[in-house]
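Here the structure is laid out as C-alpha cells; the discussion comes afterwards.
Just so it is clear, none of the values below were taken in a lab; they were calculated from the coordinates. All of these numbers come straight from a predicted model, not from anything done at the bench. Cβ sites come from the backbone with ideal geometry, for glycine too, and all protein chains shown count toward neighbours.
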Amino acid sequence: MIQRTFVMVKPDGVQRKLAGEIIGRFERRGLRLAGMKMLRVSRELAEAHYAAHKGKPFFGELVDFITSGPVVAMVWEGEDAVLLVRNMMGALKPAEAQPGSIRGDFTASIQMNVVHGSSDPAAADEEVALWFSEDELV
Ligand code: CMP
C-alpha cells in the first residue's frame with residue numbers, strides 16, 4: 001500500500017551536516033519526497049508532536065532538544081513507507097541499531113539520534129497533518 005510518512009532530521013543531524021546524507025538515503029532507496037522544509041520548532045509544536053510521551057521522565061529534555069536548533073521536516077511517500085523508513089532509521093536503543101541503518105551508522109545516543117520517523121500509519125497521518133498543510137505537499 002502506498003503510504004506517506006513524516007520524517008525529521010533532528011537538530012543534532014542538521015548541526016552535524018547529516019541532512020543531505022539522510023535525504024540521499026531515502027532518495028536512493030526509491031521513496032518520493034512529497035514535502036520538505038527547514039524550521040525552528042516552537043515549544044507548542046514540539047509538545048504536540050511528542051504528546052504521546054507527555055509525563056515520561058525524558059519529556060522535558062526531549063522538548064528542549066528538539067527546539068534547540070533547526071530541523072528538516074519531510075514527508076516521504078512509497079510502498080509501505082512507514083515501516084520502510086523505520087527499518088532504514090534503525091532501532092531506538094543505540095546498541096540495537098544495526099550498522100547500515102541511519103542510527104546504526106551515525107549515533108550512539110537514545111536522545112540525540114539524528115532522525116525521527118512516524119511509528120505507525122496512524123501516527124504518520126497525524127504527524128503529516130501537524131507539520132504540513134495540504135498546499136505544502138506535492
Ligand atoms: P523519536 O523517534 O523522535 O521518538 C521519541 C523520542 O524520545 C525518541 O526518538 C528519542 O529521541 C526519545 N527517547 C525515547 N526514549 C528515551 C529515553 N529513555 N531517554 C531519552 N530520550 C528518549
Task: Anisotropy class of the chain from Cα gyration tensor, a/c 1.5 cut - done: rounded
- [ ] Please name whichever of ALA34, ALA73, ALA122 sits farthest to the positive end of the charge dipole of the chain, dipole taken about the Cα centre and charges placed at Cβ: Lys and Arg +1, Asp and Glu -1.
- [x] ALA73
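With charges only on Cβ, +1 for K and R and -1 for D and E, what is the dipole size of the chain about its Cα centre, in debye, rounded to 20?
On the way: 16 positive and 19 negative charges, 102 e Å.
Dipole magnitude for the chain comes out near 480 debye.
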Task: Within the chain, helix-based [θ] at 222 nm, where runs of 4 or more DSSP H residues each add -39,500 (n - 2.57), nearest 500 - done: -11000 deg cm²/dmol
Open item on the list: Going by average Cβ density within 10 Å per residue, which order do the peptides 92-98, 21-27 take, highest to lowest?
Closed with: 21-27, 92-98
Task: For the range 102-117, Karplus couplings with θ = phi - 60° (6.51, -1.76, 1.60), whole Hz, Gly/Pro x - done: 4, 5, x, 9, 10, 9, 10, 10, 6, 9, 8, 10, 6, 8, 10, x
Open item on the list: What's the ranking of 81-90, 104-113, 50-59 by average number of surrounding C-beta atoms within 10 Å, highest first?
Closed with: 81-90, 104-113, 50-59
- [ ] Could you list, in their original order, any pairs among LYS37/LYS93; LYS17/LYS93; LYS10/LYS37; LYS17/LYS37 whose Cα atoms are separated by more than 20 Å?
- [x] LYS37/LYS93; LYS17/LYS93
